[in-house]
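As structure tokens, the structure follows; a few thoughts come after it.
The values are calculated or read from the model by the stated rules, or taken from the named source; none is laboratory data. Quick caveat: nothing in here was measured; it's all calculated off a predicted structure. Cβ sites come from the backbone with ideal geometry, for glycine too, and all protein chains shown count toward neighbours. Just the protein is used for accessible areas: all its heavy atoms, side chains included, with ligands, DNA and RNA removed. Shrake-Rupley method; radii C 1.70, N 1.55, O 1.52, S 1.80 Å.
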Number of protein chains: 2
Amino acid sequence: MARASSLRRLPATRPVRAARSDNRLPEVLAQAARAFRAKGYDAASIRDIVGAIDMLPGSLYYHFPSKEALLLAVYAEGVRRFSEAVSAAIAASAAPWARLEAACIAHLETLLQESDFAQVVVRVRPSDVPAIAAQLVALRDGYEALFTRLVQALPLARGVDRRSLRLMLLGALNWSQTWYRGGRDDPRSIARQFVALLRQQLDSERRS
Amino acid sequence: MARASSLRRLPATRPVRAARSDNRLPEVLAQAARAFRAKGYDAASIRDIVGAIDMLPGSLYYHFPSKEALLLAVYAEGVRRFSEAVSAAIAASAAPWARLEAACIAHLETLLQESDFAQVVVRVRPSDVPAIAAQLVALRDGYEALFTRLVQALPLARGVDRRSLRLMLLGALNWSQTWYRGGRDDPRSIARQFVALLRQQLDSERRS
DNA sequence: CGTAAAAGCAAACACTCGTTTGGTATCGCA
DNA sequence: TGCGATACCAAACGAGTGTTTGCTTTTACG
């Protein structure tokens, strides 16, 4: 059986028949992502979300059993977009540093341009939604494991802590959401700058 | 006239007489910082804050005209603590890199240990509180100017973008609030690691 | 076509939110 | 000691919150 678009398995009430074509679930998700990104989880109300697509508050509960479940769906989609973008980006290169740079560029372009879903992942803190905090963290950790492997592959001088390097890089990238303004900066060059600042230790003082 | 403790000028209703000794404003501020840090601005309710010190919701409005004004007071105090810690720390050293490292250590220790007030500065986004967003940004910018000067003083190879360096460093430091767990890590060594990862370009290829 | 499921409407529910208003102990000070 | 400002209490306000319940329209499918 085909895996389908992955959005189709999100609703909690499983249809036994195919979804109808006038299904507005995609619009709901898009608007939810937009609202969560702009206002954060608590400040974004159900009425904000559904009102933007002329739907009534109660109607949302046909698609999701709770506001938390809605956030989880948006968050999962955000993580999926990050993973997809980065996976595709690193496939092109073989050299460890080039792969890391490609990953950072893809991460930042997804975060700062393709927007909304990805921004929610960086914006919303799992601890803000205790009921699903563990699931949010698990999703994010799954994605960041990609970077763990990329950093692991780097040829570094001994004594360089790879965990610190990963945390520093991802932290700097994610924090850019705070100060980034389109037009003035662009994601690609920011990511390149950041990687370049770390690349000073030359490759392979030891085994690859 | 003495400058006083700087908390005394916070209330919006200016007393013409000295404050009474049973004044619980300090406790209100401390609890507000605690709540804003733990839950964020929107999720932390007035009742959460005053309830923790057995005060009634309405009583807060003797000290502050609005919830936003309360946040502004907490935020300003947080920025003040950052500034004070970092200013004191960089006074001890003269060498540019040592000063930057000292600043980062002080920043991170303030953020991750002395806690609450400082954490609010990193946790709460100005855009979450539009009415005072501009003032929050101004406060933070004033503090971060400290780092701009520290980075400016570094002897760097030409072609190294100082703005990127500053943004990367502060971003990585601030993001640590997300993953830091006391006991496992400690702020001092984290800050040292981060600075070390950037220090590879040797001092003064050019003028000091 | 007819029918069952899908998708959403309409209206309310109980609750919490920030805030206001009027009153009152209590303290600092002359 | 008395007076007035200080620092609250007590109780409510209207608006907004996530969510539920019963009903209705629309669609895909046999």
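List of remarks:
- Backbone HN-Hα couplings from phi across region B:77-85 [Karplus 6.51/-1.76/1.60, Hz, Gly and Pro as x]: 5, x, 4, 4, 5, 4, 4, 5, 5
- Put simply, the Cα atoms of region A:67-198 extend 46, 35, 25 Å along their principal axes, the longest span coming first.
- For chain B, the solvent-accessible area works out to 50 Å² per residue, with a probe of 1.4 Å and every protein chain left in place.
- Degrees separating the helix A:133-152 axis from the principal Cα axis of chain A, which is the longest one: 30
- For the protein assembly as shown, the calculated P(r), taken from all Cα-Cα distances in 10 Å bins from zero up to the bin holding the longest distance, is 4, 19, 28, 25, 15, 7, 2, 0 percent.
- Selection among A:Gln177, A:Tyr143, A:Pro187 by position relative to the dipole of region A:128-199 gives A:Pro187 as farthest towards the positive end (Cβ unit charges, Cα centre).
- The rotation axis taking chain A to chain B passes closest to this chain A residue's Cβ, listed with the gap in Å: A:Gln200, 2.
- Heavy-atom accessible surface that B and A bury in contact, both chains counted, 1.4 Å, Å² to 100: 2900
- For A:Asp141, the solvent-accessible surface computed with a 1.4 Å probe is close to 90 Å², ligands and nucleic acids excluded.
- Rounded to 10°, Cα long-axis angle of helix B:162-179 versus longest principal axis of chain B: 50
- Of all accessible heavy-atom area on region B:62-123, the percent that carbon and sulfur account for (1.4 Å): 53
- Whole-angstrom gap from region A:84-127 to region B:114-132, using each part's C-alpha centre: 27
- For chain B, relative contact order (Cα pairs under 8 Å, six or more residues apart, normalised by length) works out to 21 percent.
- Sequence-distant aspartates and glutamates (8 or more away, or on other chains) whose Cα lies within less than 19 Å of A:Lys39: A:Glu27, A:Asp48, A:Glu68, A:Glu77, A:Glu114, A:Asp116, A:Asp128, B:Asp42, B:Glu68, B:Asp128
- Accessible-area loss of 10 Å² or more (1.4 Å probe, protein heavy atoms, chain alone versus all protein chains) is found in region B:103-130 for B:Val122, B:Arg123, B:Arg125, B:Ser127, B:Asp128.
- In degrees, nearest ten, helix B:25-39 long axis to first principal axis of chain B (Cα): 60
- Taking the alpha carbon gyration tensor of region B:93-132, multiplying each eigenvalue by 5 and rooting it gives semi-axes of 28, 13, 6 Å, largest first.
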